[in-house]
Amino acid sequence: MHSPKLGARIRALREERQLSREELARKAQISPERLAAIEDHGESAALGVLVKISRALGARLGTFTDDAACSDPCVVRAEERSGASLAQTGVHRPGHMDYHSLGRGKADRHMEPFYIEMEPGGTETETGAHEGEEFIVVLRGKVRLVYGAQTIVLNPGDSAYYNSVVPHLVACEGDEPAAIHAVVYVPF
């Protein structure tokens, strides 16, 4: 199933709420240039940035990926994940991340589960913070978690559960791609 790109969904929600790009960027506490890159060029963004945008729009993070409601239990098969990507552009530049929603279609959810593929070589160093909690499990590769003043390298099988109001960053560590499962809880 094809899902519209992340940028198009954000733009549609922004326009539906009659917000200018500058107004949404201010409310989300990101730069208008960053928002333009996401909306116009499909650039991927860290979960923290996407949470800030969803909060500023008054929408659940999952609104960016939901196509249709499903009944419980909500099952997403591995071969169906490509249709659930938030920002799958096919362009795998250094540090690129593809977010695949594992809860799409569950309209009343309180958590946002993702399968995230990360490319090495990113230069992203800016941490982000938002209300809620996050839980990640490394599936392959190495992942760098910057949490406050700490930097922790996680290996396959390692997990981390943390309060997301503390500035944090999750990125690929080393020269090989990485993949994680992430569950984000943001009180609405």
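The values are calculated or read from the model by the stated rules, or taken from the named source; none is laboratory data. No experiment lies behind these values; they were computed from the predicted model shown. All Cβ positions, even for glycine, are placed from backbone atoms using ideal geometry, and neighbour counts span all protein chains on display.
Which of the residues spanning the range 1-54 are free of Cβ contacts under 8 Å to residues at least 40 places away in the same chain and acidic (Asp, Glu)?
Once the filter is applied, which keeps residues that are free of Cβ contacts under 8 Å to residues at least 40 places away in the same chain and acidic (Asp, Glu), the range 1-54 yields 15, 16, 22, 23, 33, 39, 40.
If you go through the range 87-97 one residue at a time, do you hit one that is in a loop (DSSP other than H, G, I, E, B) and either modelled with pLDDT of 85 or more or under 18 Å from residue 54 (Cα atoms) (or both)? So that I can check it myself, show each step before the final result.
Keep residues of the range 87-97 that are in a loop (DSSP other than H, G, I, E, B), which gives 87-96.
Narrowing further to those that are either modelled with pLDDT of 85 or more or under 18 Å from residue 54 (Cα atoms) (or both): 87.
Checked against the condition, which is being in a loop (DSSP other than H, G, I, E, B) and either modelled with pLDDT of 85 or more or under 18 Å from residue 54 (Cα atoms) (or both), the range 87-97 yields at least one hit.
Please count how many residues of the range 4-31 are on the phi > 0 side of the Ramachandran plot and surrounded by 14 or more Cβ atoms within 10 Å (Cβ to Cβ).
Result for the range 4-31: 1.
I'd like to know if the range 119-135 contains one or more residues that are under 24 Å from residue 53 (Cα atoms), buried (at least 19 other Cβ atoms within 10 Å of the Cβ) and of a type in the set (A, V, I, L, M).
no
I'm trying to understand the selection: among the residues of the range 97-113, which are among the charged types (D, E, K, R) and touching a Cys at 6+ places or on another chain (Cβ under 6 Å)?
106
Among the residues of the range 61-71, is any modelled with pLDDT under 75, assigned to a helix (DSSP H, G or I), of a type outside the set (Val, Ile, Thr) and more than 25 Å from residue 36 (Cα to Cα)?
Checked the range 61-71: no residue is modelled with pLDDT under 75, assigned to a helix (DSSP H, G or I), of a type outside the set (Val, Ile, Thr) and more than 25 Å from residue 36 (Cα to Cα).
Based on this model, can you work out whether residue 111 counts as surrounded by fewer than 19 Cβ atoms within 10 Å (Cβ to Cβ), modelled with pLDDT under 95 and not charged (D, E, K, R)?
It is true that residue 111 is surrounded by fewer than 19 Cβ atoms within 10 Å (Cβ to Cβ), modelled with pLDDT under 95 and not charged (D, E, K, R).
Test residue 156 against the criterion of being modelled with pLDDT of 85 or more and loosely packed, with under 15 Cβ neighbours inside 10 Å, and give yes or no.
Criteria met by residue 156.
Mind listing just one residue for me: the one in the range 119-135 that is out of contact with any Pro (no Cβ under 8 Å at 6 or more places or on another chain) and among the charged types (D, E, K, R) and, of those, farthest from residue 165 (Cα to Cα)?
Among residues in the range 119-135 that are out of contact with any Pro (no Cβ under 8 Å at 6 or more places or on another chain) and among the charged types (D, E, K, R), the one farthest from residue 165 (Cα to Cα) is 124.
How about the range 115-130: which of its residues are hydroxyl-bearing (Ser, Thr, Tyr) and at pLDDT 85 or above? Break it down stepwise before answering.
Just the residues of the range 115-130 that are hydroxyl-bearing (Ser, Thr, Tyr), to begin with: 115, 123, 125, 127.
Passing the criteria: 115, 127.
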